[in-house]
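A quick write-up on the structure given underneath.
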Amino acid sequence: MASASPARGVCIRRAVRSDCPGILAIYNHAVLNTTASYDYEPRTLEQRFDWFDAHGRDDFAIFIAEAEGGEIVGWSALNKYHDRFGFRFTTENSVYVAESWRGRGLGGRLLEPLVTAAEHRGLHAIIAAIDAANEASIRLHARFGFEKVGHFRQVGFKFDRWLDVVYMERLIVNGAS
Ligand SMILES: CC(C)(COP(=O)(O)OP(=O)(O)OC[C@H]1O[C@@H](n2cnc3c(N)ncnc32)[C@H](O)[C@@H]1OP(=O)(O)O)[C@@H](O)C(=O)NCCC(=O)NCCS
């Protein structure tokens, strides 16, 4: 399904704080138009800055796909999975590509460094919580060794319908054990 036209000229790099408006625009478009996120309302830039700062404090990586000319066309992040201490070796990941850039391999290019960053951070498990109808994301994660470990029925509600969530997990062989 990935297009024959790869996303040439796009570089993947670690995010800096000034990338937050670009990250926010991609996220909010997905909030308003898709079930990739179960948020209903767009987030504010202030919330995105808080998110960025918390990621810095917790040493959770954020990557950016930047097109020639500087436009941010995708992002990925590791996130805290749970506040309780015993979950500290587990992370939940995010990956978002701007609508007009999807299907050109950027999801994979953003997920790859994320897995490496999780390994370097000493994490043990990466969880992806994916809307069950999101075939692109399920395929993407499967390609990176994520296995389906759960299917929760009708735990989400958006656009006037119940939504199932698939959980996929990748264990990191050299991570905390
Ligand atoms: C999911 C997402 C990140 C994938 O990124 P992408 O750059 O489009 O993905 P890629 O081009 O790397 O392709 C990933 C896989 O999905 C497949 N795919 C792409 N678009 C697809 C579509 N519309 N339907 C079904 N499969 C699709 C590709 O063929 C590829 O499969 P393969 O690995 O078996 O070859 C992107 O579509 C996106 O941002 N979607 C909206 C936000 C979202 O869903 N985020 C994930 C939340 S869990």
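FYI, it's all coordinate maths here, none of it is from the lab. Note that the coordinates shown come from a computational prediction; the quantities given were computed from them, not determined experimentally. Don't worry about glycine lacking a Cβ; one is built from the backbone with ideal geometry, like all the others, and counts go over all protein chains shown.
Within the range 114-122, can one find any residue that is surrounded by 13 or more Cβ atoms within 10 Å (Cβ to Cβ) and under 19 Å from ARG17 (Cα atoms)? Among the residues of the range 114-122, at least one is surrounded by 13 or more Cβ atoms within 10 Å (Cβ to Cβ) and under 19 Å from ARG17 (Cα atoms), which makes the answer yes.
Filtering the range 43-70 to residues that are farther than 14 Å from ALA15 by Cβ, within 15 Å of the ligand (Cβ to nearest atom) and touching a helix residue (DSSP H, G or I) at 6+ places or on another chain (Cβ under 7 Å) leaves only ARG43. Scan the range 71-86 for residues that are closer than 12 Å to ARG13 by Cα and of a type outside the set (A, V, I, L, M) and jot them down. GLY74, TRP75, SER76, listed by residue number.
For the range 14-29, the count of residues that are within 22 Å of ALA128 (Cβ to Cβ), loosely packed, with under 15 Cβ neighbours inside 10 Å and away from the ligand (no atom under 16 Å from the Cβ) is nonzero.
The residue that is nearest to the ligand (Cβ to nearest atom), among those in the range 84-129 that are assigned to a loop (DSSP other than H, G, I, E, B) and within 20 Å of ASP39 (Cβ to Cβ), is ARG102.
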